[in-house]
Ligand code: NAI
């Protein structure tokens, strides 16, 4: 079984080889993202492995199919970058639905603590022996209300963490979980009452630009917005306006609408052309990380083992127990 692995980073290889080699999978690691320009690299392979910023649109699906690819394995949970409908009757699609909800939820809290207590600024100050506290005041998380949108695996771990801080939790989910013990409210109430809002739902037609001028207008003045889910959940232009108008007090962004051509690459020696991202990064009350919430040793190991298991089950003809993207069935 030959696997074309796209968007490879050095940290992917040792963990993936640890599972792929014993399973007899021959892996070719390609650095480029998968998209219409690079899809021909998949010629001669049986399967492709893709990540969050690969573009698997209908044209790419058709080309993969023509090349004889049988299966797409996503080494991530979200699959908004794959045209699932186009795959129907052509390619099977598998993903890693849960590799470490803790990794993502803990990163969301790390971002909140950082932006609130200005640890990123304090670190730089003390390195230059500047021991002034001017401008570093935060607020107690204890007693504050956090609104969690999407109460699946990650949202619930984040709720547990927030509970540990003594925060009040309001939850919204399109499909509320009866057993979660969470207090579900309407989305409008969550917007109106939350001091902090954290997004943990998938990006779908429903949730695209869930945070926009209209929803921001309903929020408390000074609200902190955390997005570790998908960039498209936020209308970036509207967020920037909300911050400039001081309606939004702070934003923690691990994901960004137009991250595809930027995140995971080093542009430190370049003039970044994305004015919206540059504007956000220039704001003192915004923190941007480059889609790294998943990046823990435990998560990388789970991603590799689940992806290899999916491939082995599919090619052995018994995909039961493999984690297939359900819409494809
Ligand atoms: P999950 O599937 O366990 O939970 C998602 C929840 O969102 C479910 O409870 C579902 O009912 C809810 N939901 C669906 N449509 C909704 C809507 N219209 N409004 C409100 N809620 C809705 O997924 P999990 O594992 O908790 O992941 C959540 C998201 O986190 C993923 O979709 C992915 O985009 C993102 N993610 C980000 C990572 C990162 O590194 N930044 C890593 C892993 C996931």
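Throughout, read-outs are computed from the coordinates displayed, never taken from laboratory work. In this text, all values refer to a predicted model and were calculated from it rather than measured experimentally. Please note: Cβ atoms are built from the backbone with ideal geometry, for glycine as well, and neighbour counts cover all protein chains shown.
The table below lists the values:
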read-out	value
Pairs of Cα atoms farther than 24 Å apart, region 27-132, %	43
Highest to lowest packing among 42-55, 132-145, 275-288, scored as the average C-beta count within 10 Å	42-55, 275-288, 132-145
DSSP-defined beta bridges in the chain - what % are antiparallel, rounded to 5	5
Among 269, 166, 78: highest mean-square fluctuation, GNM of the chain, C-alpha pairs under 10 Å	269
The chain: calculated mean residue ellipticity at 222 nm from DSSP helix runs of at least 4, using -39500 (n - 2.57)	-9500 deg cm²/dmol
Calculated FRET value between residue 66 and residue 301, using beta carbons and R₀ = 35 Å, to 0.05	0.50
Sequence ranges 238-250, 25-37, ranked by mean other-Cβ count within 10 angstrom, highest first	238-250, 25-37
Burial ordering of 100, 40, fewest other beta-carbon atoms within 10 Å first	40, 100
In nm, spacing of pseudo-spin labels at residue 270 and residue 121 (7 Å Cα→C-beta vector)	3.0
Region 120-224 - Debye-derived log10 I(q)/I(0), Cα point model, q = 0.18 Å⁻¹	-0.88
Computed over region 164-242, Cα set: Rg, Dmax in Å	12.6, 38
Cα centroid separation, region 191-214 to region 32-109 (Å)	25
Modelled FRET efficiency - R0 45 Å, residue 193 with residue 59, Cβ distances, 0.05 increments	0.50
Overall form of region 84-181 per C-alpha gyration tensor (a/c, 1.5; a/b vs b/c)	oblate
Whole-Å distance, taken between Cα centres, linking region 126-144 and region 283-318	34
Added length on full extension, which subtracts the Cα-Cα distance from 0.36 nm per residue, residue 205 to residue 175	9.2 nm
Ordering of 223-234, 309-320, 60-71 by packing [mean C-beta count within 10 Å, highest first]	223-234, 60-71, 309-320
Estimated translational D of the chain in µm²/s (Stokes, Kirkwood radius over Cα pairs; 20 °C; 1.002 mPa s)	102
Quotient of Cα Rg and 2.2 N^0.38 Å for region 171-317, N being how many residues it contains	1.22
